[in-house]
Amino acid sequence: MSSVAQPNDIENMTLLQLPNLTILKIERCEVLEYIFTSSTLESLKQLKELTVKQCKAMKVIVKEEGEHTETSKSIIVFPRLKSLTLVDLPDLKGFFLGKNEFRWKALEKVEMDGCPQMMIFTSGHSMTPKLNYIHTGLGKHSLDQYGLNFHLTNATHEQTQLPMCSTPDMIMLVQFLWSFSNLVEVDAQWNDKLLKSSIIFPCKELLNLKNLEKLSITGNYDESKIEEVFEVAEGTNEDVDIETQSVVVFQKLKEVTLDGLHELKHMWKSNRWIVLNFPNLTKVSIVSCKLLGHVFSSCMVGSLLQLQELQISECESMDVIVKQVEDSETRLTTEVVFPCLKTITLQKLPNLKGFCLGKEAFEWPILDALEIKNCPKITVFTNGQSTTPELKLIDTTFGLCHATEDPNSFIKTKQQEGWEF
């Protein structure tokens, strides 16, 4: 038995025993304050899926009955519930505020988003042996020692203040039930709340992103207001010494995908006080970010030892992939090695002048796929020498060409022959 509740059919549901109910979906019941009473729970042995969305007055999912007694502290078991979704419930305080202990033996998927008043899930203990992650509008969060019974007060004071870290005047509209330290994946597709934020990760949260593995954000082009992904404050205080520099290491981040963020100006900034390192980043894909001027700063490329695939396309303002940092303390070494990079794709970058315009030599020991198309202003791949022993073909606007020379010589030769990239 499954049921989809309509606004006019819900009034007497909480008085029912529902021993065969397997699926319950309730949406847009704007005056409904709760769904079940605690006395109803015993009958929900077959419930497998519970979805509650867009109920403005919903305060709890289960309303406690009567006074707190020894009976009210008994164990409540949901033996078959696998999926629980609570979305856009602005007044929700919790699933159940009584003292009962809950056991969710089969619960595997939990989605919660748009529940800004929710400070606890249940007042009593909740046991979820099969639940590994919580899904929100931002992405996927791992469970800490509190499990479903998270505590926001434990999540908001973990970070150590970074030097020269500002408190930006920004709008952070995404409501988090779990802290940044539990964030495993950001997978936001046309998330209106997120896209209205100017910064995704403020500077003060950078040290908390220790579990982040994947970052994927797709914008709806005209609506996106995101200007910066990882905020690193630009220091102007001359009294701050270089010895206070912090290196923030994103040890688990493997993939970054950004698409359609038309206001994005910076993925990540680096300065003399804060440097970002990405030692396990394997894939970067950036598409249709028309204001983005570069991808990496020179002081971070030495950490990209696992990078395997780099794809940049349709970024109108992109003039280099690696931007030089002039400060001597963060300048590139004389040689840069990308030991794992196999594929570079550069497409529809009308202002790209080169991969890197510094004087350093680059080594690409296993690079075997290079594509340069619709990049009419490119004059050189790197100013310094580029060594690509495995590169046999280069895919260009004018066709697939044998790479008989290094990329720098190849570009120069083709331009002298009158070809445009």
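Taking each residue of the stretch 121-138 that is within 17 Å of residue 182 (Cα to Cα) and looking for partners that are β-branched (Val, Ile, Thr) with beta-carbon atoms closer than 6 Å, six or more apart or interchain, yields 134/110; 138/174; 138/186. Filtered by the rule that a residue be basic (Lys, Arg) and assigned to a helix (DSSP H, G or I), the stretch 193-233 gives 193, 204. Residue count for the stretch 28-56 under the criterion of being modelled with pLDDT of 95 or more and not in a loop (DSSP other than H, G, I, E, B): the result is 5. Screening residue 315 with (1) open to solvent by less than 10 Å² (accessible area, probe 1.4 Å); (2) touching a Lys or Arg at 6+ places or on another chain (Cβ under 8 Å); (3) touching a residue at least 40 places away in the same chain (Cβ under 8 Å) gives one miss only, at (3). If you check 308, 324 for being touching a Ser or Thr at 6+ places or on another chain (Cβ under 7 Å) and modelled with pLDDT of 95 or more, only one passes: 308.
In a residue-by-residue description of the stretch 401-417, the property of being open to solvent by less than 10 Å² (accessible area, probe 1.4 Å), touching a helix residue (DSSP H, G or I) at 6+ places or on another chain (Cβ under 9 Å) and either part of a loop (DSSP other than H, G, I, E, B) or within 20 Å of residue 313 (Cα to Cα) (or both) applies to no position. Exactly one residue out of 357, 341, 370, 346 is open to solvent by 50 Å² or more (accessible area, probe 1.4 Å), of a type in the set (A, V, I, L, M) and out of contact with any Ser or Thr (no Cβ under 7 Å at 6 or more places or on another chain), and it is 357. Number of residues in the stretch 199-215 that are open to solvent by 30 Å² or more (accessible area, probe 1.4 Å) and in contact with a strand residue (DSSP E or B) (Cβ under 9 Å, 6 or more places away or on another chain) equals 5.
Of the residues that make up the stretch 321-333, is at least one touching a residue at least 40 places away in the same chain (Cβ under 8 Å) and farther than 22 Å from residue 250 by Cα? Within the stretch 321-333 (the criterion being touching a residue at least 40 places away in the same chain (Cβ under 8 Å) and farther than 22 Å from residue 250 by Cα), the answer is yes, since at least one residue qualifies.
The values are calculated or read from the model by the stated rules, or taken from the named source; none is laboratory data. Being a predicted model, the structure only gives us computed values, none of them experimental. Cβ: placed from backbone, ideal geometry, glycine included. Neighbour counts: every protein chain shown. Just so you know, the surface numbers come from the protein's heavy atoms only, side chains and all, with ligands and any DNA or RNA stripped out. Shrake-Rupley method; radii C 1.70, N 1.55, O 1.52, S 1.80 Å.
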